[in-house]
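Below: the structure, in structure tokens.
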Amino acid sequence: MGVGHYENFPVASFLVPKALRPAVVAIYRFARAADDIADEGDADAAARLDALAAFDARLADIAAGRTPVEPPFAALAAAVRRHGLPMAPFHDLVAAFRQDITVKRYATMADVDDYCRRSANPVGRLVLALYGAATPANVAASDSICTALQLANFWQDVAIDWQKDRVYIPQDALARHRLDERAIADARADARWRALMRELTATTRARFAAGAALPRALPWRQGLELAAVIAGGRRILARIDAAGGDVFSRRPTLRAVDWLLVAARALSPAA
């Protein structure tokens, strides 16, 4: 999920307990504001990095017990104090957005995973902290799910990211299939590209599977919310596979029938 704008983030969902919704919205608004610094507007890289440094400074203020007056920090400070949220995930998110400005290519899947550790996994960790469910086992499962969601978004958005001069497909995976970035530039979904995308979607399914038990470890409403998010991510992978890996001619998205399948899978996640 690069915050990108957190299509899967459970913002104010009716399944989120009412008492937690302001905190969820505060986290989302923080993440989106930082993401917009990295991605939106015409500022140069130096100005974007300076703006993100200011985000880190405001987080330090919150950690020190001060309340910055400007949005989104005032609401975030209230959420942190009310729910005892850890500060490290917020700093990790800022580090990921900083990396979006300075790093455009990834050599290996391990490098992509390291990016996901800061760009996606902090969101799950914060939600678990809100739910009072941040056990080591739950955190490990959440990290797998959040990384899988981020990866699914990367494979879905290959063409969009190319327009931003970003390639999240590992360079060694391209080379393993005797491909280079010209395949992306030319929007060439040939046999080698299809094999690459099958490998990537299979890797991502394994990440979802590693976290599959987490919805059952949470209270019913929160578990159902998460099961729906997981089912949606898996359906995106299915759409990519159904298109033969062609993410160029049409961005794989969920249609009405997919949402019905997502609902069915969420209600019966073991199916």
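The values are calculated or read from the model by the stated rules, or taken from the named source; none is laboratory data. Note that the structure is a prediction, hence the values are computed from the model and not measured. As a convention, Cβ positions derive from the backbone with ideal geometry for all residues, glycine included, and neighbour counts pool all protein chains shown. Side chains included, ligands, DNA and RNA excluded: accessible areas come from the protein's heavy atoms. Shrake-Rupley method; radii C 1.70, N 1.55, O 1.52, S 1.80 Å.
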Filter region 59-88 down to the residues that are surrounded by 20 or more Cβ atoms within 10 Å (Cβ to Cβ) and without any contact (Cβ under 8 Å) to a residue 40 or more places away in the chain and list them by number.
LEU59, ILE62, ALA77, VAL80
Extreme residue, modelled with the highest pLDDT, among residues of region 249-271 that are over 30 Å from ALA183 (Cβ atoms) and assigned to a loop (DSSP other than H, G, I, E, B):
SER268
Scan region 218-234 and report the pairs whose first residue is outside any helix (DSSP H, G or I) and whose second residue is at pLDDT below 90 and of a type in the set (D, E, K, R), with Cβ atoms within less than 9 Å and a gap of 6+ or a chain change.
LEU218/GLU225
Any chance region 217-224 includes a residue that's surrounded by 18 or more Cβ atoms within 10 Å (Cβ to Cβ) and under 29 Å from ALA189 (Cα atoms)?
no
Residues (outside any helix (DSSP H, G or I), closer than 20 Å to ILE37 by Cα and open to solvent by less than 20 Å² (accessible area, probe 1.4 Å)) located in region 93-151:
ALA120
Report, ordered by the first and then the second residue, all pairs with beta carbons closer than 7 Å, sequence separation of six or more or different chains, a first member in region 169-197 that is under 11 Å from VAL158 (Cβ atoms), and a second member that is among the small types (Gly, Ala, Ser) and not in a loop (DSSP other than H, G, I, E, B).
ALA187/ALA159; TRP193/ALA183; LEU196/ALA173
With the requirement that a residue be part of a loop (DSSP other than H, G, I, E, B) and open to solvent by 20 Å² or more (accessible area, probe 1.4 Å), what does region 152-165 give you?
LYS164, ASP165
Hey, LEU179 hits all of (1) surrounded by 16 or more Cβ atoms within 10 Å (Cβ to Cβ); (2) more than 18 Å from the chain's Cα centre (by Cα); (3) in a helix (DSSP H, G or I); (4) of a type in the set (A, V, I, L, M) but one; which does it fall short on?
(3)
For region 41-50, does any single residue satisfy the condition of being at pLDDT 95 or above and open to solvent by less than 40 Å² (accessible area, probe 1.4 Å)?
yes
Quick check, is ASP246 open to solvent by 10 Å² or more (accessible area, probe 1.4 Å), in a helix (DSSP H, G or I), among the acidic types (Asp, Glu) and at pLDDT 95 or above?
no
Over region 153-168, the set of residues free of Cβ contacts under 8 Å to residues at least 12 places away in the same chain and under 23 Å from ALA238 (Cβ atoms) is ASP161
May I ask you to verify whether ARG192 is touching a His at 6+ places or on another chain (Cβ under 8 Å), at pLDDT 95 or above and not polar (S, T, N, Q)?
yes
